[in-house]
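Q: The structure follows.
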């Protein structure tokens, strides 16, 4: 595998993503909402609940849970299926570049585009906090939150690439991606609440069910950074702290890493095996 070829393809994918109107729209929405939430959170600092960094970060967690998965799923779903539909993927495959190089180049390029969007949103929000009276309370924790958000975007990018590798048309891939976004977002807390009410699931089982949803994993990891406890999540959070408290800081990123690798490997296997690509 040629690293120079992979990097060249990654640059091409990054430029394509930055010209994508939907991606630009999501980026502008994320930056604008992050800026607005920073102003609102800092304006209400000291009134109730979180203050300073904690208040802003708590607002950003909900924003990340809504916007970032949508960004990752959309750009991933459009990638392979979109180029196949336009005929540009056949042109790439005709070049002296292996399928592994093409797939890895696409993944790296899209990952960098997501990193740029998140860096812009979190960077502007961080500047607002730095310019406010007293400055940011915990820059290291804020950067860790941004890192977790990027890791979440990579999990959704991998799922999106898997959807794209299984689809023949970009419109179908994007539609399936939006369906999965709804599943991940709205069947997270609501689904868990319904499961608890109907089946009376014990706290330990509920915690492991939550780990099956990468959005819930990100949420628990982010809350743990802000509050150093998960008691706000109820019995499942209390169980997690009491049983796995010393390991949660490693467990959550490890599960997100598995979510990044597993769909991406399956997507590459499908991409390598498809004869019409």
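The values are calculated or read from the model by the stated rules, or taken from the named source; none is laboratory data. Just so we're clear, the structure is a prediction, and the values are computed from it rather than from any experiment. Note that each Cβ is placed from the backbone with ideal geometry, even for glycine, and that neighbours are counted across all protein chains shown.
Q: Looking only at region 192-210, how many residues end up being in a helix (DSSP H, G or I) and either modelled with pLDDT of 75 or more or closer than 20 Å to residue 251 by Cβ (or both)?
A: Taking region 192-210 first, the residues in a helix (DSSP H, G or I) are 192-199, 203-210.
Restricting the remaining residues to those that are either modelled with pLDDT of 75 or more or closer than 20 Å to residue 251 by Cβ (or both) gives 192, 203-210.
Number satisfying all stated conditions: 9.
Q: A further question follows. The conditions are (1) over 21 Å from the mean Cα position of the chain (by Cα); (2) under 20 Å from residue 18 (Cα atoms); (3) in contact (Cβ under 8 Å) with a residue 12 or more places away in the chain, and residue 76 fails exactly one of them. Which is it?
A: Answer for residue 76: the failing condition is (1).
Q: Consider residue 32 carefully, then state whether it is modelled with pLDDT of 80 or more and out of contact with any helix residue (DSSP H, G or I) (no Cβ under 7 Å at 6 or more places or on another chain).
A: Numbers: modelled with pLDDT of 80 or more: yes; out of contact with any helix residue (DSSP H, G or I) (no Cβ under 7 Å at 6 or more places or on another chain): yes.
Yes: the conditions hold for residue 32.
This table checks each residue for (1) in contact with a helix residue (DSSP H, G or I) (Cβ under 6 Å, 6 or more places away or on another chain); (2) surrounded by fewer than 18 Cβ atoms within 10 Å (Cβ to Cβ); (3) at pLDDT 85 or above.
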| residue | (1), (2), (3) |
| --- | --- |
| 171 | no, yes, yes |
| 174 | yes, no, yes |
| 190 | no, yes, no |
| 218 | yes, no, yes |
| 223 | no, no, no |
| 232 | no, yes, no |
| 237 | yes, no, no |
| 276 | no, yes, no |
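Q: Then there's this: Could you please find all residues in region 16-34 being touching a residue at least 24 places away in the same chain (Cβ under 8 Å) and either surrounded by fewer than 14 Cβ atoms within 10 Å (Cβ to Cβ) or under 18 Å from the mean Cα position of the chain (by Cα) (or both)? It would help to see each step written out before you state the result.
A: So in region 16-34, the residues touching a residue at least 24 places away in the same chain (Cβ under 8 Å) come out as 16-18, 20, 22-23, 26-27, 29-31, 33-34.
Residues satisfying the conditions are 17, 18, 22, 23, 26, 27, 29, 30, 31, 33, 34.
Q: Another question, then. Would you point out which residue out of 126, 134, 121, 87 is more than 26 Å from residue 22 (Cα to Cα) and at pLDDT below 90? Before the answer, list the steps.
A: On the way: 126 fails: more than 26 Å from residue 22 (Cα to Cα); 121 fails: more than 26 Å from residue 22 (Cα to Cα); 87 fails: more than 26 Å from residue 22 (Cα to Cα).
On inspection, the qualifying residue turns out to be 134.
Q: Find all pairs meeting these conditions: Cβ atoms under 6 angstrom apart; at least six residues apart or on different chains; first residue within region 1-14 and over 8 Å from residue 108 (Cα atoms); second residue outside any helix (DSSP H, G or I).
A: Cβ pairs passing all conditions: 5/97.
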